[in-house]
1. Given B:ASP83, B:ASP7, which one is touching a residue at least 12 places away in the same chain (Cβ under 8 Å) and open to solvent by 70 Å² or more (accessible area, probe 1.4 Å)?
2. Tell me, please, whether a residue that is small (Gly, Ala, Ser) and within 10 Å of the chain's Cα centre (by Cα) can be found in the range B:65-76.
3. Would you be able to tell me the number of residues in the range A:82-103 that are at the interface with another protein chain (Cβ under 10 Å from one of its Cβ atoms) and not in a loop (DSSP other than H, G, I, E, B)?
4. If you go through the range A:78-101, how many residues are without any contact (Cβ under 8 Å) to a residue 24 or more places away in the chain and buried (at least 21 other Cβ atoms within 10 Å of the Cβ)?
5. Just to be sure I understand, how many residues within the range B:21-51 are within 11 Å of another protein chain (Cβ to nearest Cβ), of a type outside the set (Gly, Ala, Ser), outside any strand (DSSP E or B) and within 15 Å of A:GLY42 (Cβ to Cβ)?
6. Please find, among B:ILE13, B:ILE76, the residue that is modelled with pLDDT of 95 or more, more than 14 Å from every other protein chain (Cβ to nearest Cβ) and in contact with a helix residue (DSSP H, G or I) (Cβ under 8 Å, 6 or more places away or on another chain).
7. Given the range A:1-77, what strands (runs of 3 or more DSSP E) lie entirely inside it while holding 2 or more residues that are open to solvent by less than 20 Å² (accessible area, probe 1.4 Å) and at negative phi?
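The values are calculated or read from the model by the stated rules, or taken from the named source; none is laboratory data. Remember, it's a predicted structure, so these values are computed and weren't measured experimentally. Here Cβ is always computed from backbone atoms with ideal geometry, including for glycine, and neighbour counts include all displayed protein chains. Accessible surface areas use protein heavy atoms only, side chains included; no ligands, DNA or RNA. Shrake-Rupley method; radii C 1.70, N 1.55, O 1.52, S 1.80 Å.
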Amino acid sequence: NAGVTQTPKFQVLKTGQSMTLQCAQDMNHNSMYWYRQDPGMGLRLIYYSASEGTTDKGEVPNGYNVSRLNKREFSLRLESAAPSQTSVYFCASSAPGTGTYEQYFGPGTRLTVT
Amino acid sequence: SQQGEEDPQALSIQEGENATMNCSYKTSINNLQWYRQNSGRGLVHLILIRSNEREKHSGRLRVTLDTSKKSSSLLITASRAADTASYFCATGYNQGGKLIFGQGTELSVKP
């Protein structure tokens, strides 16, 4: 099993450009999450999806959109990138409905917006 | 706003010593988890303690939870250079899966 995979690993954007970060999990988890990690800030939740077909805002949703394409895939879109969105982005999944609350993380996408 | 506050922010010890990290949180929780992050990598789950548990062990890890003080501690015994990483506490505050992460403790274990 690959666990949680993310693409791309690195990306450089110019201000105003758009891009989509892809995430997929093969653990049959219902819940998926997008976080950003900035130096000294820990992880902050951007959006999450409790199950296929549902999405909800997290702590820092402004400037982002998400799509839960199916049970496996959860994408994060930046419509008009800003330098403040320079960060490392992590996708995670879990299965809280089964009483399994631990999250499994992907390797991250390092995004720089110039 | 982040739920978890961790201290110390950074900890440097010698191999073989014990490392203790603390986490405090603000609201009632369902569970508290500890994760490890090696430089440039994703987070890896270490241990989970539920709100009705007081102590839990896993290998060289010992976690305690004091819900009256809204605090937890992670003890790593007989540390190794390979334990060098950042450690994060995360709180789950209902039956759903959302977590709120602390800012982390950066542990350096010198050989």
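1. It is B:ASP7.
2. Within the range B:65-76, one or more residues are small (Gly, Ala, Ser) and within 10 Å of the chain's Cα centre (by Cα).
3. 13
4. 1
5. Here the count works out to 0.
6. B:ILE76
7. Fully inside the range A:1-77 and qualifying: A:4-7, A:19-25, A:31-37, A:43-49.
Okay, residues lined up against (1) closer than 19 Å to A:PHE105 by Cα; (2) assigned to a strand (DSSP E or B); (3) of a type in the set (A, V, I, L, M):
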residue	(1), (2), (3)
B:HIS57	no, yes, no
B:LEU65	no, yes, yes
B:LEU74	no, yes, yes
B:SER79	no, no, no
B:SER86	yes, yes, no
B:CYS89	yes, yes, no
